[in-house]
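Working notes, structure below.
Throughout, read-outs are computed from the coordinates displayed, never taken from laboratory work. From a predicted model like this one, the values you see are computed outputs, not experimental measurements. FYI the Cβ positions are ideal-geometry reconstructions off the backbone, even for glycines, and counts take in every protein chain you see.
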Amino acid sequence: MSEAHSATPKTPRKPRKPSALTKAGYEALAEFRSELRAFLAFSEKAAVEAGLTPQQHQLMLAIMGAPGRESLSIGEIAERLLVRHHTIVELVDRLVDLGLVARAADPSDGRKIQVVLTRNGKATIDKLSSIHVEELNNIKPTLRKLLKVVETRPRTLSDD
């Protein structure tokens, strides 16, 4: 035995935990991530073609999609878009300049401002949302495939 080999102690390997996914599961997950990235690229392109930044589109969608409401506060929008308050103020300023949103006093607290879509804003988000739904329908088979794999995979200890 040479000195180089005897000087390097072998450490025992820890047993490898079995994977939570099968090969088919990894394939479905990889395909899903690819489709998701393609959908996001599609969404960004659609927003730009409509004259918006992707964040402006997301802001308008957050307002239109607010459950049971027609407006959101700056803070609520920031929370939904996962960005800072001042970033939303800048986005709202640009959308006001484009005539797509308006600021309105909060009826329950006049010190707060609510952001609402204008008629043009609603028409813009309607158009964008319509083409997004079409694109989602295109990736529906991949989503179903992933769900089927996830629903049928064996349970692991981490599932409990």
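What the table below lists for this structure:
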| quantity | calculated |
| --- | --- |
| Residue list for region 112-146, restricted to those being surrounded by 12 or more Cβ atoms within 10 Å (Cβ to Cβ), more than 11 Å from MET60 (Cβ to Cβ) and either in contact with a Lys or Arg (Cβ under 6 Å, 6 or more places away or on another chain) or β-branched (Val, Ile, Thr) (or both) | ILE113, ILE131, ILE139, THR142 |
| Selection from region 44-66 of residues that are in a helix (DSSP H, G or I) and closer than 13 Å to ALA123 by Cα | HIS57, MET60, LEU61, MET64 |
| All positions within region 20-46 that are aromatic (Phe, Trp, Tyr) and more than 15 Å from THR142 (Cα to Cα) | PHE42 |
| Residue selected from region 93-111 under the condition more than 26 Å from the chain's Cα centre (by Cα) and among the hydrophobic types (A, V, I, L, M, F, W, C), by the criterion surrounded by the most Cβ atoms within 10 Å (Cβ to Cβ) | ALA104 |
| All strands (runs of 3 or more DSSP E) inside region 68-160 with 2 or more residues being under 24 Å from PHE39 (Cβ atoms) and either free of Cβ contacts under 8 Å to residues at least 60 places away in the same chain or of a type outside the set (Val, Ile, Thr) (or both) | none |
